[in-house]
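Take a look at the structure below.
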Amino acid sequence: MMPAITRSKTDRTARFGFALIGVLLIAANLRVSFVSVGSVLANISSDLELSNAAAGFLTGLPLLAFAVFSPVAPAFASRLGLDRALWTSLLVLAVGIVLRSLPVSGFIWAGTALIGLAIAFLNVLVPSLVKRDFPTKVSQVTGNYTAAQAAFAAVGAAIVVPVAETSPAGWRLSLGIWVGLALIAMAILLPFLRRHRVDTATITTEHSYRSPWTSALGWQVTIFMGLQSIAFYVLMAWLPTIEQSRGIPATTAGLHLSIFLLISVFASLAAGESFTGVQTNGSYHSQAVHSCS
């Protein structure tokens with residue numbers, strides 16, 4: 001029979017691997033459903049007869065949702081528990097992806113808003129999940145899940161136009177297929193819903209609360225992260241459209257966006273390995289790089 005120590009180590013390794021897969025699958029959903037829109041925005045505008053202003057609002061709606069709903073995410077997780085909040089956010093994301101792709105008037109707006117809401121919550125809650133389940137490997141896991149975001153977004157940018165061009169459903173199918181990623185992540189998370197029944201302390205009571213709005217450093221970090229996020233998301237949303245307006249084929253424009261995202265995969269992995277945890281005042285603190293873009 002296997003010794004108890006070996007069996008325990010094997011169990012821990014299995015749990016670690018299972019939890020890591022869950023984190024990476026959640027991360028896979030954080031960008032692809034948003035950045036894939038840019039490559040087929042011209043098709044959407046033509047099909048739905050959107051003005052330039054309406055097309056701009058369609059790409060900007062998720063960003064508005066990020067700004068409005070991100071501050072609400074900790075309270076949402078405190079009420080439901082971290083795992084249930086993550087699972088519910090994935091459910092909202094799946095519903096939003098489906099609604100956006102249905103040929104029903106107005107559903108594209110409702111679906112896009114739900115996608116923005118879900119990603120806003122997931123962006124805030126995934127770092128808390130990493131800190132809880134990987135307290136000694138925060139920087140490495142953060143680098144890995146940030147790389148997973150970029151990798152799946154790169155795949156989405158590369159294939160969204162070919163799928164739209166080869167299917168009678170066009171852009172609706174090329175944007176709707178990503179619901180599969182959300183459903184897979186939900187299935188992986190299901191066992192955690194029972195395992196972690198009470199985890200609100202992870203988010204709200206681990207440290208005494210101090211409002212970031214009364215902190216000069218909090219404002220500096222907010223402004224810095226906000227500006228770099230604006231630059232990233234504007235580029236993701238409009239680069240393919242700008243290139244297409246200059247005569248570049250839609251498929252090629254999508255590949256250019258994909259290459260840009262692939263470069264960030266390697267940057268994320270390198271950054272995760274560059275920052276390691278340190279011991280401060282007898283307790284473990286980790287220096288992690290979390291990309292908001």
Please determine, by comparing only the residues of the range 143-171 that are in a helix (DSSP H, G or I) and over 21 Å from ALA182 (Cβ atoms), which one is modelled with the lowest pLDDT. GLY143
With the checklist (1) crowded, with 18+ Cβ neighbours inside 10 Å; (2) not in a helix (DSSP H, G or I) in hand, flag the one item VAL104 doesn't pass. (1)
Kindly list, by first and then second residue, each pair from a residue in the range 23-37 that is closer than 9 Å to ALA153 by Cβ and among the polar types (S, T, N, Q) to a residue that is assigned to a helix (DSSP H, G or I) and at pLDDT below 90, limited to pairs with Cβ atoms under 7 Å and residues at least 6 apart or on different chains. SER36/GLY156; SER36/ALA157
Report those helices (runs of 4 or more DSSP H) wholly inside the range 176-291 carrying at least 1 residues which are among the polar types (S, T, N, Q) and modelled with pLDDT under 85. 216-245, 250-274
Checking LEU190 against (1) surrounded by fewer than 16 Cβ atoms within 10 Å (Cβ to Cβ); (2) under 14 Å from the mean Cα position of the chain (by Cα), the condition it does not meet: (2)
Of THR222, THR252, THR214, which residue is under 16 Å from LEU64 (Cα atoms) and free of Cβ contacts under 8 Å to residues at least 60 places away in the same chain? THR222
With the requirement that a residue be over 20 Å from ALA42 (Cβ atoms) and buried (at least 23 other Cβ atoms within 10 Å of the Cβ), what does the range 152-166 give you? PHE152, ALA154
Residue that is farthest from ALA267 (Cα to Cα) [pool: residues in the range 127-146 that are buried (at least 23 other Cβ atoms within 10 Å of the Cβ) and not aromatic (Phe, Trp, Tyr)]: LEU129
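The values are calculated or read from the model by the stated rules, or taken from the named source; none is laboratory data. None of the values given here were measured: they were computed from a predicted structure. Here Cβ is always computed from backbone atoms with ideal geometry, including for glycine, and neighbour counts include all displayed protein chains.
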